[in-house]
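Derivation of every value follows stated rules applied to the coordinates shown; laboratory data play no part. Since the structure is predicted, the reported quantities are computational estimates derived from the model, not experimental observations.
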């Protein structure tokens, strides 16, 4: 059985912001894909397991789209990274 490791949700979000900045992600669809990719990486390296409520965590991260926009200064008519 895989040991449950606590996932620091804020650290995960901070990593999303950094990766999004590096990759030039400025729309919600790409952000959602980035959330999925990051969580899949965590599963693959054993930092999370199927019992870790990944679905709930994914939804929490996806719901932070407004926070992501704010962190990158996105908004207005022409978002800039």
Exercise. Kirkwood hydrodynamic radius for region 9-71: how many Å is it when counted over pairs of different Cα atoms?
Worked result: 11.7
For this session: Let me have the relative contact order for region 9-71, percent, based on Cα pairs under 8 Å that are six or more residues apart.
Result: 38
